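For reference, the structure discussed in these notes is given below.
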Amino acid sequence: MKIVVAIRQVPARDSQFRIAASGIWIDESDLTREINEPDAYALEAALQLRDSAGGEVVVLCAGPEGASQTIREALAKGADRAIHIDTGAAAPSDPLTLARTLAAALAAENADLILTGLQSDDLGYGQTGVILAEVMGVPHATIVMNVEVAEGGIRVKRELEDGWFQQVAMPLPALLTIQSGATKLRYATLMGIKKAKTKEVRVIPVSDLAPAAAPAIRIARIYTPVKSKNSVIFDGPPAQAAAQLVEKLRFEARVI
Amino acid sequence: MSGVLAVLEQHNGQFHKSALEAVAAAQQIGGQLGVPAYAAVLGSGVEPLAQTLATYNLKRIHAVDHALLSAYTPDAYTAALRQLIEAHKPALVLFPHTYQVRDFAPRLATAMNRVLVSDVIAHRVDNGAITLVRQLFQGKINADVCFEGEPPYFASVQAGAFRADSIEAGSASVETFQPSLDAAQIRTRPLEPFRESARAVDLTAAPIIVSVGRGIKEAENIPVVQSLADALGAELAASRPICDAGWLPMERQVGSSGQTVAPKMYVAVGISGAIQHLVGMKGSKTIVAINKDREAPIFEVADYGIVGDLFEVVPALIAALKQ
Ligand SMILES: Cc1cc2nc3c(=O)[nH]c(=O)nc-3n(C[C@H](O)[C@H](O)[C@H](O)COP(=O)(O)OP(=O)(O)OC[C@H]3O[C@@H](n4cnc5c(N)ncnc54)[C@H](O)[C@@H]3O)c2cc1C
Ligand SMILES: Nc1ncnc2c1ncn2[C@@H]1O[C@H](COP(=O)(O)O)[C@@H](O)[C@H]1O
């Protein structure tokens, strides 16, 4: 089975963000980056499927030059090769433009299964995978916790709301968006890290793939949210802050 | 502009809890644009359900009816809604941002060469142009988003962004719409939904909840927050990553995929306040947050907060409670 995993490099979760002079994106300098969390689970699901059913895992990532770090980490964990769409320093595009770019890079791959994360930590569209499925004309399932090869296709376990789940059977090729947390993630071994250096990373400039269509949505402005609630925040030494809080809880909120 | 269409979700003949919020959203935005609001509900035999909306101020309710819509599939929903939209040409199609909508709405928008603006928390209408607000970076930054090009436009709204109690009464007629669907178009086969296990802990009954997030760093540190819970006579709960990692059982998870709670007091310790967590607890009467990051979105819903390292703050708090 040939499995493609689409991974995104995102700023680390505890980053502090500054808004760039353009006002429509953040200042990207000085940010630590890492793989988008659900994408790490998508990669793990792909590696487990390959290890049991055989085949190949291809990592696909659109991002600036610095994304190669995250791609190498995926190769070190066991992916077989990678496609890096070099987007330069451009601000991120809308999810349809991105999905069309990803689809163009995958046109010649004839993958059996394409996995994405269910949502990115930075843009949070929660859409790229589903759009990619439509662009490529394949069926999809979202918020997937488990994948099994079955009945000439696959059977997946989807998470529904309020603690419900559902099995869905589908043919291949297909696209799945993977939820975090379903399995344990493997670490890269020393051997893996060494091997990763020799694995193929095909770099494609985005201009070779970029579709000409005009974007259908536009970010007009980004800004720090205005606090809507009047919170009382204590930031003194812990003992003092704790005493102040307890006083408020006892005599103002009257909850203890 | 020909109207704002709210697409309402139903399961087994009952509306999803988001349905009335979606109707309110369509009425409100429609009013600001000076166009009528419509609603649509998809399924098999959904006319009686559609009739229950007849006392709201809507121009029309479309009961999109077909045997192949009885079990939800993204392929059938996409095809049916596309036909409805092409026939009635709404200017704006609004969805509640539910799991089901996440599953098919991006596909529908793409099929119509549009982009869905997902998970909208607020909106503005200036001179007939809609600006939508959505969150970036897990709630740390907001973005104003505009549509480009021609309608129809597509957007999904976050739970709680519009209030169901602001819905306008009135009258509406129900019209059945029969899409043409073919079983061969439906490529996925859904089986019956199921629950993994019964919930042994009913967090909804607890007057005080202490909830722990990834700030706790390791399973070995859980007793730190357990002792705070004990000092307050509280139940212990957690954000999703803590339950995923197995540090606390699943049944203690609060949020969109866990339990929804509204205790007298909710104490969030080392929890960032991602929307999927907030929807499960923001109805709490008093919210307390302990987090080392002053910018963490949890402080936006907190009544009281301490900015600091939980490993220092929690013991200090336990000591203060004993005084
Ligand atoms: C479809 C879907 C469903 C989901 N369902 C749920 C759900 O039901 N419930 C849920 O909770 N999440 C859910 N999530 C996940 C959610 O998006 C967040 O990823 C999750 O809530 C983050 O958990 P957290 O706040 O514990 O961790 P993080 O976001 O990593 O936050 C950790 C926080 O701890 C703080 N911190 C770190 N160290 C310290 C310290 N020493 N002292 C004090 N503070 C510290 C940090 O500043 C940070 O704010 C869902 C996501 C999706 C996409
Ligand atoms: N630049 C990118 N390169 C490769 N995959 C991506 C990229 N951006 C998003 N994805 C994939 O699409 C998923 C959903 O992203 P989003 O629609 O932004 O929430 C992510 O989890 C990734 O798997």
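Kirkwood hydrodynamic radius of the protein assembly as shown from all distinct Cα pairs, in Å?
The answer is 24.9 Å.
Which value, to two decimals, describes the C-alpha radius of gyration of chain B once divided by 2.2 N^0.38 Å?
Details: Rg = 22.2 Å, N = 323, 2.2 N^0.38 = 19.8 Å.
My calculation over the Cα atoms of chain B gives 1.12.
For the peptides A:155-161, B:272-278, what is the packing order when you average, over each peptide's residues, the other Cβ atoms within 10 Å and list the highest mean first?
B:272-278, A:155-161
Need one number: nm distance between label points at B:GLU150 and B:ALA54, each 7 Å from Cα along Cα→Cβ, rounded to one decimal.
Output for this residue pair reads 3.7 nm.
Count neighbours as other Cβ atoms within 10 Å of each site's Cβ, and list the chymotrypsin sites (Phe, Trp or Tyr not before Pro) in the stretch A:157-214 that are DSSP loop with at most 14 such neighbours.
Counting only loop positions with at most 14 other Cβ atoms within 10 Å, the chymotrypsin sites (Phe, Trp or Tyr not before Pro) in the stretch A:157-214 are A:TYR187.
Does anyone have the angle between helix B:19-33 and the longest principal axis of chain B? Alpha-carbon axes, 0 to 90°, nearest 10?
Once rounded, one gets 60 degrees.
Could you list which residues have their amide H under 5 Å from that of A:GLU56, counting only those 5 or more apart in sequence or on another chain, with H placed in the peptide plane?
A:LYS2, A:ILE3
Could you give the Stokes-Einstein D for the stretch B:1-90 in µm² per second, using the C-alpha Kirkwood radius, 25 °C, 0.890 mPa s? Intermediate results must be reported in sequence, preceding the final value.
Working: Rh = 13.2 Å.
Approximately 186 µm²/s, per Stokes-Einstein.
Would you tell me the mean number of C-beta atoms belonging to other protein chains that fall within 10 Å of each C-beta in B:113-123, as a whole number? Intermediate values should be presented prior to the final figure.
Values: counts 3, 3, 12, 9, 5, 7, 5, 0, 1, 2, 0.
Whole-number average of other-chain Cβ neighbours for B:113-123 is 4.
For the stretch B:85-128, place one equal point scatterer on every Cα, skip the solvent, and apply the Debye formula. What is log10 of I(q)/I(0) at q = 0.22, 0.25, 0.32 Å⁻¹?
Evaluating at q = 0.22, 0.25, 0.32 Å⁻¹ gives log10 I(q)/I(0) of -0.89, -1.06, -1.25.
Evaluate 2.2 N^0.38 Å with N set to the residue count of the stretch A:2-208, then give the Cα radius of gyration divided by it.
0.99
Could you state the number of Å between the C-alpha centres of the stretch B:162-181 and the stretch B:257-303?
34 Å
When you have a sec, figure out the Kirkwood radius of the stretch A:141-243 from all distinct Cα pair distances and drop it here in Å to one decimal?
Its Kirkwood hydrodynamic radius stands at 20.6 Å.
Please list the equivalent ellipsoid semi-axes of the stretch B:4-185, computed as the square roots of five times the alpha-carbon gyration tensor eigenvalues, in descending order and whole angstrom. Write down the numbers at each step before the final one.
Numbers: eigenvalues 116, 72, 47 Å².
So the three semi-axes of the stretch B:4-185 are 24, 19, 15 Å.
Relative to the longest principal axis of the C-alpha atoms of chain A, give the angle of the C-alpha long axis of helix A:238-251, reported between 0 and 90° and rounded to the nearest 10°.
So the helix axis and the longest Cα principal axis differ by about 70 degrees.
Return the single residue from B:ALA22, B:ALA122, B:ALA198 with maximal mean-square fluctuation; model: Gaussian network over chain B, springs between Cα atoms under 10 Å.
B:ALA198
I'd like the interface area for chains B and A: accessible area of each alone minus the complex, both sides summed, 1.4 Å probe, protein heavy atoms only. What is it in Å² to the nearest 100?
The buried area between B and A, both sides summed, comes to about 7600 Å².
Can you give the FRET efficiency to the nearest 0.05 for B:ALA129 and A:SER22, using r as the Cβ-Cβ distance and R₀ = 22 Å?
Working: r = 21 Å, r/R0 = 0.96.
Calculated value: 0.55.
Rounded to the nearest percent, how much of the accessible area of the stretch B:4-185 (1.4 Å probe, protein heavy atoms only) is carbon and sulfur? Please report the intermediate quantities before stating the final value.
Values: 3130 of 6560 Å².
So the carbon and sulfur contribution to the accessible surface is 48 percent.
Using 1/(1 + (r/R0)^6) with R0 = 35 angstrom and r between the beta carbons of A:ALA150 and B:SER44, what's the FRET efficiency to the nearest 0.05?
0.80
Treat each spin label as a single point 7 Å out from the Cα along the C-beta direction, and report the A:SER228 to B:ALA87 distance in nm.
With each label placed 7 Å out from Cα toward Cβ, I get 3.7 nm.
The values are calculated or read from the model by the stated rules, or taken from the named source; none is laboratory data. All values derive from a computational prediction rather than experimental measurement. Quick reminder, even Gly has a Cβ in these numbers, built from the backbone with ideal geometry, and neighbours come from all protein chains shown. In case anyone asks, the SASA skips ligands and DNA or RNA and just uses the protein heavy atoms, side chains included. Shrake-Rupley method; radii C 1.70, N 1.55, O 1.52, S 1.80 Å.
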